[in-house]
Amino acid sequence: MRLRTVDPNDDQAFAGWFSVVEASYQHDRPGERNWLLEELQARGRGSKAERFVDVAAIDDGAVVGAARLGLPLLENLRLVGLSQLAVRPDRRRAGIGTALLAEVERLATAAGRDLLEADLDEPGWPEVPDPGRIFAGRHGFECAQVAVRRDLTLPADRERIDTLEVQCRRYVSGYALRTWRDRCPQDLVDDRAVLAARMSTDAPMGDLERAAEHWDADRVRDREGLQLAQNRSWVAVGAIHQASGRMVGFTEVGFPLRAPERGYQWDTLVRREHRGHRLGAWMKVANLRQLADVSPVTTLVTTWNADDNAPMIAVNKSLGCAANGALTHWTKRLGDQR
Ligand SMILES: CC(C)(COP(=O)(O)OP(=O)(O)OC[C@H]1O[C@@H](n2cnc3c(N)ncnc32)[C@H](O)[C@@H]1OP(=O)(O)O)[C@@H](O)C(=O)NCCC(=O)NCCS
C-alpha cells in the first residue's frame, strides 16, 4: 500500500478518493445522501481562508482509504482540521486508518501545525459506541465537543409553525425581517461580517481551542463564491433592529442544487444585546417558509447543535426537529511542538 496526495483538479484521481469517502458513508448511514463529489472537490481547491491536502491510500491500483487536511490561513494557525478520514469497509481493521493518520500528522507537523481536530459522525450516538470513537481514543484524541444532529422533515407541521410564529410576534416589536438567497444584500454585508465574527466567539465551543475570526465584507463574498462554486444554493433571513437599522441576527439553510432533497441548517446567531426577543425562532420560521417557496423538493433539513447549546436546541425542538446521532469533535496535540 502507498499513500499519495490527490490533486483536486485531477478529476480521475479525485473521483477515486471520493469513492472511498462515499462507500464509507454508505456503510455507516445506508441510503443517506452525503456531500456530493462537486462539493468536496470545489472546497478542496481552497480559498483565501483555508487550504486543503487530500491523501489517498492506494493498494494494487485501487483507492482503499482517504483523508483530508484543512489548514486555516487567516487565524487558528496551529490547527489542522482532519475530515473525511475513511477506509473502504471491506478493508477495515488492517491498519490503513492508522497509516493514513500517521501521514496526516506528518503533513500537519511539516506545515508547522501542532493541533489536530477531527469530526466523527456517530449514527448510533449515544447508545452505540462508534468504531471511529475507539480508533480516535486509541490514537490519543480526546473528545472536545458533542454536537447532536437533529433532522427536520419537510413540509413542516403547518399548525406547529403557525403557532410558533404567533408566539414569536408577541416579543419581536422593534424588529423586522429581511430575506435573501445566494448573495447577502449589499447594504447588509458589513453587518453580516460582524455576525460571522460573532459566530466564532459566541457559539459554544466545548473544549475546542479556537481563535476569534476576523471577518469583513470581502470574506463574506469569498465564502459566498465558494458556496456557488460548490453548486450550492441557500436561503437566508436577517433580523433588523429598526431603531438602529442594523442587522443583529441571521439564519441560513443551504442545499446542493444537484440533490436539493436534503438541506443543511448553516449558522444562526442573534447578537447578545438582542437576545430574549424570540428572534432565533422567528427567523427560522420565516426561513422555512422561504425554503418551501424556493425549493419545495427539500424534504429534510439537518442541523447540528452543541449539546450544551440550550437556546438553539429549544428552538429546533419547537420546530419539530428529531435527534439522529451526533457529530463529535476530537482534538489531539501533536508531538514535539506542544
Ligand atoms: C475509523 C476508521 C478510519 C478506522 O480505519 P481502519 O483502517 O479500520 O483502522 P485500523 O485498522 O488502523 O485500526 C486501528 C485501531 O483502531 C481501533 N478500531 C478500529 N476499528 C475498530 C472497530 N470496528 N472496533 C473496535 N476497534 C476498532 C482498534 O483499536 C484498532 O487496532 P486493532 O485492529 O489492532 O485492534 C474506519 O473504521 C472508518 O473508515 N470509519 C468510518 C469513518 C470514520 O469514523 N472516520 C474516523 C474519523 S476520526
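Going through 150, 170, 158 one at a time, which residue ends up being exposed (fewer than 15 other Cβ atoms within 10 Å of the Cβ), closer than 19 Å to residue 301 by Cβ and either of a type in the set (Lys, Arg) or out of contact with any Lys or Arg (no Cβ under 8 Å at 6 or more places or on another chain) (or both)? Please lay out each step first, then the result.
Working: 150 fails: exposed (fewer than 15 other Cβ atoms within 10 Å of the Cβ); 170 fails: closer than 19 Å to residue 301 by Cβ.
Just a single option satisfies the conditions, and that option is 158.
Residues in region 301-338 that are under 17 Å from the mean Cα position of the chain (by Cα), assigned to a helix (DSSP H, G or I) and of a type outside the set (A, V, I, L, M, F, W, C): 316 alone.
Under the condition of being within 16 Å of the ligand (Cβ to nearest atom) and of a type outside the set (Val, Ile, Thr), which residue from region 73-86 is surrounded by the most Cβ atoms within 10 Å (Cβ to Cβ)? First the steps, then the outcome.
Here is the first cut: in region 73-86, the ones within 16 Å of the ligand (Cβ to nearest atom) are 79-86.
After this cut, where a residue has to be of a type outside the set (Val, Ile, Thr) as well, the list is 79, 81-86.
On the way: 79: 20, 81: 20, 82: 23, 83: 20, 84: 24, 85: 23, 86: 26.
Result: 86.
Candidates are the residues of region 127-154 that are part of a loop (DSSP other than H, G, I, E, B) and of a type in the set (Asp, Glu); the one that is farthest from residue 313 (Cα to Cα) is 130.
What about residue 33, is it of a type in the set (Lys, Arg), assigned to a loop (DSSP other than H, G, I, E, B), under 26 Å from residue 232 (Cα atoms) and more than 11 Å from the ligand (Cβ to nearest atom)? When the stated conditions are applied, residue 33 passes them. Cβ-Cβ contacts under 8 Å between residues 6 or more apart (or on different chains), taken from a first residue in region 83-100 that is polar (S, T, N, Q) to a second residue that is within 6 Å of the ligand (Cβ to nearest atom), are listed as 83/118. Any residue at all in region 137-144 that is under 17 Å from residue 267 (Cα atoms) and in contact (Cβ under 8 Å) with a residue 12 or more places away in the chain? No, that holds for no residue.
Applying the condition of being aromatic (Phe, Trp, Tyr) and part of a strand (DSSP E or B) to region 230-288 and asking which residue is surrounded by the most Cβ atoms within 10 Å (Cβ to Cβ) yields 250. Restricting region 87-126 to residues that are part of a strand (DSSP E or B) and buried (at least 19 other Cβ atoms within 10 Å of the Cβ) leaves a set whose member that is farthest from the ligand (Cβ to nearest atom) is 115. Within region 157-179, the set of residues being of a type in the set (A, V, I, L, M, F, W, C) and part of a helix (DSSP H, G or I) comprises 161, 164, 166, 168. Only one residue in 223, 192, 183, 178 is in contact with a Gly (Cβ under 6 Å, 6 or more places away or on another chain) and within 22 Å of residue 263 (Cβ to Cβ), so which one is that? It is 178.
Selection over region 180-198 of residues that are part of a loop (DSSP other than H, G, I, E, B) and on the phi < 0 side of the Ramachandran plot gives a count of 3. Pairs meeting the criteria (first residue in region 27-56 and within 15 Å of residue 325 (Cβ to Cβ), second residue of a type in the set (Phe, Trp, Tyr) and modelled with pLDDT of 95 or more, beta carbons under 8 Å, at least 6 apart or on different chains) are 32/25; 34/25.
The values are calculated or read from the model by the stated rules, or taken from the named source; none is laboratory data. Since the structure is predicted, the reported quantities are computational estimates derived from the model, not experimental observations. Cβ atoms come from the backbone with ideal geometry, glycine included; neighbour counts cover every protein chain shown.
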